[in-house]
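Here the structure is laid out as structure tokens; the discussion comes afterwards.
The values are calculated or read from the model by the stated rules, or taken from the named source; none is laboratory data. What you see is a predicted model; the values in this text were computed from it and never measured. Neighbour counts are summed over all protein chains in view; Cβ atoms, including those assigned to glycine, are modelled from backbone coordinates with ideal geometry.
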Amino acid sequence: MQKEVLYGLYDDEEVLLKAISRARESHMNIMDVFTPFPVHGLEHAMGLSESRLHISGFVYGAIGALTAFLFMTWVFTRDWPIIFGGKPYWSVPAFIPITFEVTVLFAAVGMVVTFYTICGMWPGVKPAVLDERITDDKFCLAFDATHSTEEERSAMEGFLSSSGASEVHTKNV
Amino acid sequence: MNQFAFESKQKIFLLGAMGLGVVCMVLTFLVDDPLHTRFWSNFLHNSVFFTGIAFVSLFVLAAFTTAYSGWHTLVKRIWETYSLFLIPGLILMGVIILGIWGHFHHLYHWADPAAVAEDEILQGKSAFLNKNWYTIGTVVILGIWAYFAWRMHRISVQEDLQGTSDFSHHRRYRYWSAAFLPVGAFTSAALIWQWVMSIDAHWYSTLFAWYATASWFVAAMALTILTVIFLKALGYMEEVSTNHLHDLGKYAFAFSIFWTYLWFSQYMLIWYGNVGEETIYFRERLDHYPTMFYGNLILNFVAPFFILMRNDTKRKFGTMVLTSIILLLGHWWDFFLMIKPGVYHTAQEVLGHGAHGGGETGHDAAGHAASTFHAGFTMPGLLELGTFIGFLALFLYFVFNRLEKVSLIPPNDPYLAESKHHTVWPY
């Protein structure tokens with residue numbers, strides 16, 4: 001579905017952070033904020049709840065640890081027992097490095113896939129970029145103006161320019 | 001409040017705890033075997049543990065200063081006073097040296113001329129493992145560390161009193177820090193070989209020095225966290241926030257994992273290589289010290305790993321106090337396991353129990369005498385705990401006594417403002 005986005009471009013992240021606080025104080029519904037680099041305190045200013053991505057990371061890691069350990073246990077005790085260097089079949093110390101590595105692999109790949117899925121990014125997806133300068137040196141505060149009345153729009157525009165935005169644009173994405 | 005006042009009731013409490021330690025040491029001495037092995041091994045154990053905490057504090061300061069770290073400035077006075085404990089540490093280790101020369105104890109197999117005479121391996125190592133090198137190594141290296149600690153502390157205090165806008169004190173502090181890094185990094189290995197690894201004189205491991213230093217490191221972080229929380233509870237160091245606590249917790253967490261990595265690397269290579277003279281070290285501990293052996297991993301890896309993994313647990317005072325106590329005792333427990341089995345072996349051999357066969361086999365055969373429970377060796381007993389409390393009280397008394405003489409917050413440190421604004425989460 002097409003959205004009509006009304007956004008302001010800021011030159012400085014401190015001005016942007018102040019604008020976000022002001023917008024939240026006056027109960028304006030911020031659609032999203034785009035910055036060229038991670039801005040400290042941004043999610044706090046926007047009032048975003050804590051990411052749950054790390055919980056998924058723990059779960060993937062635990063699955064990876066179990067997968068690796070149980071697979072090696074099955075292989076070396078049931079499926080194809082081989083004696084290596086006079087060690088017992090079930091040689092736990094030898095399994096630990098591989099268990100560790102598969103844990104890291106599962107956690108890392110799982111978190112990347114989860115993150116990309118949440119962000120709707122897949123191979124072939126063309127992300128809608130409001131303004132290419134957002135990837136360089138501009139900070140963007142965007143409002144959803146699809147269903148806004150004319151007064152609401154002028155209020156948003158007024159807010160953006162009064163809070164320090166150097167440019168205000170509207171774009172359909 | 002930036003000026004710590006060492007109140008008399010704290011002094012009395014700590015002196016009482018020291019008294020408890022002395023009583024426990026006297027009791028240990030009385031109930032001991034004729035060689036007083038338990039007494040001397042407890043003395044060595046605690047001296048090495050607390051001197052190591054002082055060393056790591058100095059190393060941390062040097063590393064952070066060299067790396068242009070700013071966040072630690074609010075807590076750096078704690079490490080500066082910790083590192084001054086290297087001076088009493090020199091005295092404590094001096095007692096061990098006197099014991100070696102006067103044959104008061106038999107902690108070290110290689111210090112016994114009769115054992116060396118009939119032992120080819122000890123003869124081969126005697127170029128390094130002898131009384132002269134032990135004395136020179138300990139006195140010179142510990143002396144250099146103590147000099148660095150004293151020097152850096154003095155520069156820092158001068159900065160408080162006469163700090164100038166050209167940061168000349170900080171620059172000098174930085175030179176001394178950078179100079180200490182290579183010195184500390186290389187010499188700490190030699191001291192650990194002499195103090196701890198040479199107890200099992202037949203055995204060696206190239207990873208051992210790293211592993212023991214990592215153990216000291218976590219213990220130092222745990223004690224730092226406890227001191228910071230204690231001082232905050234008394235109303236000092238208001239500006240030290242949960243953000244600083246979070247970073248200290250990260251160090252405790254990260255170095256717990258580092259310790260486990262080194263512990264496991266050492267264990268697995270020896271297990272996999274399966275060379276008799278190497279595996280005997282772990283065989284001995286697995287057979288006769290299983291609770292200590294697995295408990296070591298639970299206290300120092302499993303507990304901190306799962307407790308400190310989340311962000312918010314590192315920001316809660318209660319959780320951090322609990323975890324720090326676990327880690328401090330856990331690494332004391334780790335050093336117990338490094339020191340006691342070897343000392344027990346040597347003592348059994350000197351006392352003539354199970355030393356039949358002589359030489360190499362005698363040293364191994366002595367291990368089988370330890371198959372039953374031996375108070376103070378198989379597990380730390382109440383006397384060991386009392387001795388630990390005594391040494392801890394001595395350490396804290398010294399630290400608080402020094403802390404009282406300086407400002408808790410270095411007012412002229414160029415990184416003070418950065419430390420005050422330190423924010424890690426939630427940004």
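Taken over the stretch A:16-30, the residue count meeting the criterion of being loosely packed, with under 15 Cβ neighbours inside 10 Å and either in a strand (DSSP E or B) or acidic (Asp, Glu) (or both) is 1. Take the conditions in the same structural domain as A:LEU16 (by TED's automatic domain parsing), assigned to a helix (DSSP H, G or I) and surrounded by 11 or more Cβ atoms within 10 Å (Cβ to Cβ) and apply them to A:GLY164. Does it pass? No; evaluated as a whole, the condition is false for this residue.
Give the residues of the stretch A:80-100 that are away from chain B (no Cβ under 14 Å) and either under 18 Å from the mean Cα position of the chain (by Cα) or modelled with pLDDT of 95 or more (or both), sorted by residue number.
Within the stretch A:80-100, the subset away from chain B (no Cβ under 14 Å) is A:80-82, A:89.
Within the stretch A:80-100, none qualify.
Among the residues of the stretch B:252-261, not a single one is within 12 Å of chain A (Cβ to nearest Cβ), without any contact (Cβ under 8 Å) to a residue 24 or more places away in the chain and closer than 22 Å to A:PHE84 by Cβ. Selection of first residues in the stretch B:199-222 that are closer than 22 Å to B:LEU396 by Cβ and of second residues that are not in a helix (DSSP H, G or I), restricted to Cβ pairs under 9 Å at least 6 apart or on distinct chains, gives an empty result.
Evaluation of B:LYS316 against the conditions (1) of a type outside the set (Asp, Glu); (2) at pLDDT below 95; (3) surrounded by 19 or more Cβ atoms within 10 Å (Cβ to Cβ) shows that the sole unmet condition is (3). Criterion first (in contact (Cβ under 8 Å) with a residue 60 or more places away in the chain, in a helix (DSSP H, G or I) and either away from chain B (no Cβ under 14 Å) or closer than 21 Å to B:PHE264 by Cβ (or both)) does A:THR103 satisfy it? No. Counting the residues of the stretch B:378-388 that are buried (at least 17 other Cβ atoms within 10 Å of the Cβ) and either part of a helix (DSSP H, G or I) or among the acidic types (Asp, Glu) (or both) gives 5.
Candidates in the stretch B:281-295 are the residues that are crowded, with 16+ Cβ neighbours inside 10 Å and touching a residue at least 60 places away in the same chain (Cβ under 8 Å); of these, the one that is nearest to the chain's Cα centre (by Cα) is B:MET292. The condition of being within 30 Å of B:SER265 (Cα to Cα), surrounded by 11 or more Cβ atoms within 10 Å (Cβ to Cβ), modelled with pLDDT of 90 or more and not charged (D, E, K, R) holds for A:THR103. Scanning for something part of a helix (DSSP H, G or I), surrounded by fewer than 19 Cβ atoms within 10 Å (Cβ to Cβ) and in contact (Cβ under 8 Å) with a residue 60 or more places away in the chain, does the stretch B:146-157 turn up at least one residue? Scanning the stretch B:146-157 turns up at least one residue that is part of a helix (DSSP H, G or I), surrounded by fewer than 19 Cβ atoms within 10 Å (Cβ to Cβ) and in contact (Cβ under 8 Å) with a residue 60 or more places away in the chain. Kindly indicate which of B:LEU181, B:LEU161 is touching a helix residue (DSSP H, G or I) at 6+ places or on another chain (Cβ under 6 Å) and surrounded by fewer than 16 Cβ atoms within 10 Å (Cβ to Cβ). Being touching a helix residue (DSSP H, G or I) at 6+ places or on another chain (Cβ under 6 Å) and surrounded by fewer than 16 Cβ atoms within 10 Å (Cβ to Cβ) holds for just one of B:LEU181, B:LEU161, which is B:LEU181. Considering the conditions (1) more than 14 Å from chain B (Cβ to nearest Cβ); (2) surrounded by 12 or more Cβ atoms within 10 Å (Cβ to Cβ), A:ALA45 is excluded by exactly one of them, (1).
Across the stretch B:69-116, what is the total count of residues that are part of a loop (DSSP other than H, G, I, E, B) and either surrounded by fewer than 18 Cβ atoms within 10 Å (Cβ to Cβ) or modelled with pLDDT under 95 (or both)?
As a first pass, look at the stretch B:69-116 and keep what is part of a loop (DSSP other than H, G, I, E, B): B:69-70, B:85, B:103-108, B:112.
Okay, now just the ones that are also either surrounded by fewer than 18 Cβ atoms within 10 Å (Cβ to Cβ) or modelled with pLDDT under 95 (or both), so B:69-70, B:103-108, B:112.
So the answer is 9.
Annotation for the stretch B:60-68: at least one member residue is in contact with a Phe, Trp or Tyr (Cβ under 9 Å, 6 or more places away or on another chain), of a type outside the set (S, T, N, Q) and buried (at least 24 other Cβ atoms within 10 Å of the Cβ).
Just a yes or no: is a residue in the stretch A:31-42 in a helix (DSSP H, G or I), more than 14 Å from every other protein chain (Cβ to nearest Cβ), buried (at least 16 other Cβ atoms within 10 Å of the Cβ) and not acidic (Asp, Glu)? No.
If the requirement is being in contact (Cβ under 8 Å) with a residue 12 or more places away in the chain, outside the structural domain of A:GLY158 (by TED's automatic domain parsing) and farther than 29 Å from B:MET309 by Cα, which of these qualifies: A:TRP90, A:TRP74?
Details: A:TRP74 fails: in contact (Cβ under 8 Å) with a residue 12 or more places away in the chain.
Exactly one residue qualifies, and that residue is A:TRP90.
Under the condition of being surrounded by fewer than 18 Cβ atoms within 10 Å (Cβ to Cβ) and not in a loop (DSSP other than H, G, I, E, B), which residue from the stretch B:390-415 is farthest from the other protein chains (Cβ to nearest Cβ)? Checking each candidate, the answer is B:ASN401. The set of residues in the stretch B:416-427 that are without any contact (Cβ under 8 Å) to a residue 24 or more places away in the chain and more than 14 Å from chain A (Cβ to nearest Cβ) contains only B:ALA417.
For the stretch A:111-124, does any single residue satisfy the condition of being within 12 Å of chain B (Cβ to nearest Cβ) and more than 30 Å from A:GLN2 (Cβ to Cβ)? Within the stretch A:111-124, not a single residue is within 12 Å of chain B (Cβ to nearest Cβ) and more than 30 Å from A:GLN2 (Cβ to Cβ).
For the stretch B:272-280, check the following and say yes or no: at least one residue is within 13 Å of chain A (Cβ to nearest Cβ), surrounded by fewer than 19 Cβ atoms within 10 Å (Cβ to Cβ) and not in a helix (DSSP H, G or I). Checking the stretch B:272-280: at least one residue is within 13 Å of chain A (Cβ to nearest Cβ), surrounded by fewer than 19 Cβ atoms within 10 Å (Cβ to Cβ) and not in a helix (DSSP H, G or I).
Residues in the stretch A:122-161 that are buried (at least 16 other Cβ atoms within 10 Å of the Cβ) and more than 25 Å from the chain's Cα centre (by Cα): A:SER148, A:MET156, A:GLU157, A:PHE159, A:LEU160. A single member of B:THR323, B:THR242 is more than 19 Å from B:TRP79 (Cβ to Cβ) and crowded, with 19+ Cβ neighbours inside 10 Å, and it is B:THR323.
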